[in-house]
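The values are calculated or read from the model by the stated rules, or taken from the named source; none is laboratory data. For clarity, every value in this text was computed on a predicted model and none was experimentally measured. Glycine also receives a Cβ, built like all others from the backbone with ideal geometry; neighbour counts cover every protein chain displayed. Just so you know, the surface numbers come from the protein's heavy atoms only, side chains and all, with ligands and any DNA or RNA stripped out. Shrake-Rupley method; radii C 1.70, N 1.55, O 1.52, S 1.80 Å.
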Amino acid sequence: MRIAVFETEEREAPVFERFKADHDLRLIREPLQVGNTNEFSDVEIVSTFIYSRLDRGVLERLPALKMIATRSTGFDHIDTAYCAERGILVCNVPTYGENTVAEHVFALLLALSHRLIEAVERVRMGPFSPEGLRGFDLEGKTLGVVGTGNIGRHVIRIASGFGMKVLAFDIAPDDAFAAAHGFAYVDLDELLSRSDVITLHVPATPETRHLLSADAFAQMKDGVVVINTARGDVIETRVLIQALTSGKVAAAGLDVLPDEPLIREEAELICSTYCDRHDLRNLVADHILMRMRNVIITPHSAFNTHEAVARIVETTVENIEAFIEGDPKNIVAGAV
């Protein structure tokens, strides 16, 4: 098989190199995009992270492609409808960092509740004083968890350790899990209106796009805190900025933003197809968020621990091996 692994890091190479003995393996540091597809027109298996955009325009230039192994749980960067048309199998990494991302949720929340970023800057720059840095306790606060998959469940377990009350919303409630962990499922409107902190754990789908819109923010308590480690498009960014400015939202902790590839590679804005596919007002909104004092943003790094990254690569290799052996697993799109 001809295998191309994109967006590779040095630590990943030794794991993927097990394919070298029997297959044509290429490791590429850059994302897969329209500009470099001609070099890989004969590739049969592709593995990418989330910054490669596997849309129709890219996939049409890979006529030999049979399988995509994304090194992520989400697959919204892949045109799965086109893959189904072509019979290209798409496999993901269904679980790798549920505890890792859940821990990051509380890293963001604690940084906001104890004003840690400002406090550290204060100590470095002076004066050495806690004045103006008063935060808030987590104990007794109501945490609204939107989505109770693997990550959401870990968030709920951690929240109980802080003495938080938990409300949850999910399209498929698990009443047994709720009873075992002492929380209640409610509808989304009730969760929005009763929660002191709202954390998002849903995939990027047409149904979840702008799940937190102007109507949703209007239902929230004044001074609510919003945490998003899911996908950027789940929140309508420009509305979030308005809510942060007005005080409706006291603070936000974000690990994801819309149009992240544009932020990473802003040189692409000059003479690039990105401009045709994206509303650049969202990019401006992202930059405004980055500079707001009541917002903490991390660069889509909630997954990024030694343990979680090792699990991602190992599962991806297993997905590729299973496909080669004729018994594919972790299939999210395409046909066997």
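In segment 197-224, the residue that is nearest to the chain's Cα centre (by Cα) out of those that are among the aliphatic types (A, V, I, L, M) and outside any loop (DSSP other than H, G, I, E, B) is 200.
Determine whether residue 74 is at pLDDT below 95, out of contact with any helix residue (DSSP H, G or I) (no Cβ under 9 Å at 6 or more places or on another chain) and within 30 Å of residue 157 (Cα to Cα).
Numbers: at pLDDT below 95: yes; out of contact with any helix residue (DSSP H, G or I) (no Cβ under 9 Å at 6 or more places or on another chain): yes; within 30 Å of residue 157 (Cα to Cα): yes.
It is true that residue 74 is at pLDDT below 95, out of contact with any helix residue (DSSP H, G or I) (no Cβ under 9 Å at 6 or more places or on another chain) and within 30 Å of residue 157 (Cα to Cα).
Give 97, 87 a once-over and let me know the one that is in contact (Cβ under 8 Å) with a residue 12 or more places away in the chain and more than 27 Å from residue 230 (Cβ to Cβ). Give the steps one after another, and end with the answer.
Details: 97 fails: more than 27 Å from residue 230 (Cβ to Cβ).
Unique residue meeting the criteria: 87.
Evaluated against (1) charged (D, E, K, R); (2) surrounded by fewer than 17 Cβ atoms within 10 Å (Cβ to Cβ); (3) at pLDDT below 95, residue 53 falls short on exactly one condition, (2). Could you please let me know if residue 72 is out of contact with any strand residue (DSSP E or B) (no Cβ under 7 Å at 6 or more places or on another chain), open to solvent by less than 20 Å² (accessible area, probe 1.4 Å) and not aromatic (Phe, Trp, Tyr)? Spelling it out, residue 72 is indeed out of contact with any strand residue (DSSP E or B) (no Cβ under 7 Å at 6 or more places or on another chain), open to solvent by less than 20 Å² (accessible area, probe 1.4 Å) and not aromatic (Phe, Trp, Tyr).
Taking residue 99, is it open to solvent by 60 Å² or more (accessible area, probe 1.4 Å) and of a type in the set (S, T, N, Q)? Reasoning before the result, please.
Working: open to solvent by 60 Å² or more (accessible area, probe 1.4 Å): no; of a type in the set (S, T, N, Q): yes.
No: the conditions fail for residue 99.
The conditions of being modelled with pLDDT of 95 or more and open to solvent by 20 Å² or more (accessible area, probe 1.4 Å) are not met by residue 18.
Residues that are open to solvent by 50 Å² or more (accessible area, probe 1.4 Å) and small (Gly, Ala, Ser) occur at least once in segment 186-199.
Which residue out of 215, 222 is without any contact (Cβ under 8 Å) to a residue 12 or more places away in the chain, open to solvent by 10 Å² or more (accessible area, probe 1.4 Å) and closer than 16 Å to residue 191 by Cα? Working first, answer last.
Numbers: 222 fails: without any contact (Cβ under 8 Å) to a residue 12 or more places away in the chain.
Among 215, 222, only 215 is without any contact (Cβ under 8 Å) to a residue 12 or more places away in the chain, open to solvent by 10 Å² or more (accessible area, probe 1.4 Å) and closer than 16 Å to residue 191 by Cα.
The condition of being more than 24 Å from residue 299 (Cα to Cα) and under 21 Å from the mean Cα position of the chain (by Cα) holds for only one of 157, 238, that being 157.
Just one of the listed residues (144, 152) is under 25 Å from the mean Cα position of the chain (by Cα), more than 25 Å from residue 293 (Cα to Cα) and open to solvent by less than 30 Å² (accessible area, probe 1.4 Å), namely 152.
Quickly run through segment 155-177 and pick out the residues that are part of a loop (DSSP other than H, G, I, E, B) and open to solvent by 50 Å² or more (accessible area, probe 1.4 Å). If the condition is that a residue be part of a loop (DSSP other than H, G, I, E, B) and open to solvent by 50 Å² or more (accessible area, probe 1.4 Å), then 162, 171, 172, 173 are the ones that fit. Which residues, counting only those in segment 24-65, are free of Cβ contacts under 8 Å to residues at least 24 places away in the same chain, under 22 Å from residue 327 (Cα atoms) and part of a loop (DSSP other than H, G, I, E, B)? Scanning segment 24-65 gives a single hit, 65.
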